[in-house]
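K.L.:
I have a structure here, written as structure tokens, and I will follow up with some questions on it.
The values are calculated or read from the model by the stated rules, or taken from the named source; none is laboratory data. Since the structure is predicted, the reported quantities are computational estimates derived from the model, not experimental observations. Glycine also receives a Cβ, built like all others from the backbone with ideal geometry; neighbour counts cover every protein chain displayed.
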Amino acid sequence: MTPPSHNDHMLFQIRCAGCNAPGAPVCTTCRFALVGRLPQPGSHGVQAAVPFTGRARDVILGLKYRNRRQVAAHLAGLVVNRIVANRDHVDIDVVTWAPTSASRRRERGFDQGEAIARNVARQLGLPCRRLIERSARNGPTQTGRPRLERLHGPDFRVRPNLGGLRVLIVDDVVTTGATLASAERALSEAGVESVARYAVAATPVASTAAANRRRPRLELVGPRAAA
Ligand SMILES: [Zn+2]
């Protein structure tokens, strides 16, 4: 462990976002781990570059606090590779992102989705525009909101007059796909011609399904289950 007195020095030292090794924003080992395998296509209609596990998970979480710019560029490169492999890049006019909540943005100091989207756009030579805003909360209470958002996605509103645009929407991690699905609905209502949905990483479908299966089973445990 590095003693706390070395913190000032560490500010000027580049370390791997995935494993903390000094020398590069994403070290060679983590780079190889990131291109190792493709995630299973999810049922949520989002194309992801890597599964949200292992080194990929570490690097994406590392984006929050370490070498932000270089790590975002590297992760965006993985998304671009996937887009080009799918030949989707020829059918896109503009790149955008689904903005994170104001509280999360405050907490992190930036919007990860925006950072990835801007880098994807730059690498593809396409414009990146803020097309989507979170709707103001006008419900009676914030309680239960996170759960509702997980199920249905947040409420978005989009800029008017998007008719005919072919939009690429990019996110960092997709779990249920609810956020991007909600964003796509808002874009479609504004008249966009098509929406391609991509993410750096997807939570593996198998583990999500397993987690969902575990929940109801717990309710059967206990004396009443036998009755
Ligand atoms: Zn590393």
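K.L.:
Restricting the search to the range 117-133, which residues are within 18 Å of Glu184 (Cα to Cα) and touching an Asp or Glu at 6+ places or on another chain (Cβ under 9 Å)?
P.N.:
Hits for the range 117-133 are Ala117, Cys128, Arg130.
Conditions tested, residue by residue: (1) of a type in the set (A, V, I, L, M); (2) within 16 Å of the ligand (Cβ to nearest atom); (3) at pLDDT 90 or above; (4) within 11 Å of the chain's Cα centre (by Cα).
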residue: His44; (1), (2), (3), (4): no, no, no, no
residue: Arg66; (1), (2), (3), (4): no, yes, no, no
residue: Leu78; (1), (2), (3), (4): yes, yes, yes, no
residue: Glu114; (1), (2), (3), (4): no, no, yes, yes
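K.L.:
Within the range 13-27, track down each residue that is more than 6 Å from the ligand (Cβ to nearest atom) and farther than 13 Å from Ala56 by Cβ.
P.N.:
Of the range 13-27, the ones more than 6 Å from the ligand (Cβ to nearest atom) are 13-15, 17, 20, 22-26.
Within the range 13-27, Gln13, Ile14, Arg15, Asn20, Pro22, Gly23, Ala24, Pro25 meet the criteria.
K.L.:
For residues that are assigned to a loop (DSSP other than H, G, I, E, B) and exposed (fewer than 15 other Cβ atoms within 10 Å of the Cβ), scanning just the range 85-109, find the one that is modelled with the lowest pLDDT. Show your work before the answer.
P.N.:
In the first step, residues of the range 85-109 are kept if they are assigned to a loop (DSSP other than H, G, I, E, B); the result is 86-88, 92-93, 98-101, 109.
The next check asks that each one be exposed (fewer than 15 other Cβ atoms within 10 Å of the Cβ); those that pass are 86-87, 109.
Working: Asn86: 89, Arg87: 90, Gly109: 86.
In this case the residue turns out to be Gly109.
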